1. Toward the positive end of the charge dipole of region 75-118, about the Cα centre and with charges on Cβ (Lys, Arg +1; Asp, Glu -1), which of His118, Ile102, Thr84 goes farthest?
2. When the label point is put 7 Å from the Cα of Leu18 along its Cα-to-beta-carbon vector, which residues of region 134-178 have a backbone N closer than 15 Å?
3. Counting helices only, and only those DSSP H runs with n ≥ 4, report the 222 nm mean residue ellipticity of the chain as the sum of -39,500 (n - 2.57) divided by its residues, in deg cm²/dmol to the nearest 500.
4. Give me the one-decimal Kirkwood hydrodynamic radius in Å for region 63-148, with the sum taken over alpha-carbon pairs.
5. Would you work out the charge dipole size for the chain about its Cα centre, treating the Cβ of every Lys and Arg as +1 and the Cβ of every Asp and Glu as -1, and quote it to the nearest 20 debye?
6. Do the alpha carbons of any pairs in Lys44/Lys175; Lys44/Lys164; Lys94/Lys177; Lys46/Lys175; Lys94/Lys157; Lys110/Lys164 sit beyond 25 Å of each other, and which pairs?
7. Treat the count of other C-beta atoms within 10 Å as a stand-in for reagent exposure and order Trp178, Trp119 from fewest to most.
8. At what distance in nm do the modelled label points of Trp178 and Val42 sit from each other, each positioned 7 Å from its Cα along Cα→Cβ?
Amino acid sequence: MILTDTQILQAIQKGEILIEPYSIDCLGTNSYDVHLSENLAVYKDKELDARKHNEIEHIQIGPEGFLLMPGTLYLGATVEYTETHQTVPFLEGKSSVGRLGIDIHATAGKGDVGFCNHWTLEISCVHPVRVYAGMPIGQLIYFTVDGQINNYYHSKKGAKYNQKTPQPMESMMYKNKW
C-alpha cells in the first residue's frame with residue numbers, strides 16, 4: 001500500500017519518516033518532491049570495472065546551471081536528507097524531468113527500511129539538457145511493509161552506503177564478496 005499525504009505527515013510526526021529540509025509545499029497526494037543538490041560527480045575513467053574502486057570527480061553546479069551530455073553517467077544527490085524507519089521508500093523521477101529526456105536512476109529506485117542519507121541519483125539524458133541546483137528532480141513514494149523487520153539498513157552489517165554525506169556516492173560494488 002502506498003502512503004497518502006495524510007499518512008506521510010503522520011509518519012513524519014511519529015518520527016518514522018524524516019525529511020530535512022521539509023516543506024509542506026513539496027508534499028503531493030501520495031509522494032514528496034525532492035530536489036537536485038549542487039553536487040554532481042562523474043567517473044574519472046571511461047572504462048569501469050565492477051571489481052575495482054572506480055573513482056569519481058566532483059562537480060559543483062553554479063548559478064548558470066550545468067549542461068548534461070548524452071553518453072555520460074552523472075551521479076547527483078538530493079538536497080533532502082531522509083530517514084525511513086517503518087516504510088519502504090521508492091524514488092521516481094518527476095514527469096516534467098522525464099519529458100526533458102532526463103532519467104534519474106538506472107536501476108536503484110528502491111530504498112531500504114532504515115535508509116538514512118541523501119539519495120544518490122544515477123542521471124543520464126537522451127540529448128543535451130541544462131539542469132540547476134534546487135530544481136525538483138524526483139519524488140519519494142512510501143510503501144508500507146508487512147511483517148517484522150530484523151535487519152534495518154542503517155544498522156546492517158556490511159551496508160555500503162551508510163556514510164552520511166550530501167555528496168553523490170560512487171558504486172561500492174567492489175566491496176561485495178563474489
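1. Of His118, Ile102, Thr84, it is Ile102.
2. Output list for this probe position: 153-155, 162-166.
3. After summing the helix terms and dividing by the residues of the chain, the value is -2000 deg cm²/dmol.
4. That comes to 13.8 Å for region 63-148.
5. Using only the charged Cβ atoms, the result is roughly 560 debye.
6. With Cα atoms farther than 25 Å apart: Lys94/Lys177; Lys94/Lys157.
7. So the residues, fewest neighbours to most, are Trp178, Trp119.
8. Computed distance between label sites Trp178 and Val42 equals 2.7 nm.
Any read-out appearing in this document is the output of simple, stated calculations on the displayed coordinates, not a laboratory observation. Note that the structure is a prediction, hence the values are computed from the model and not measured. All Cβ positions, even for glycine, are placed from backbone atoms using ideal geometry, and neighbour counts span all protein chains on display.
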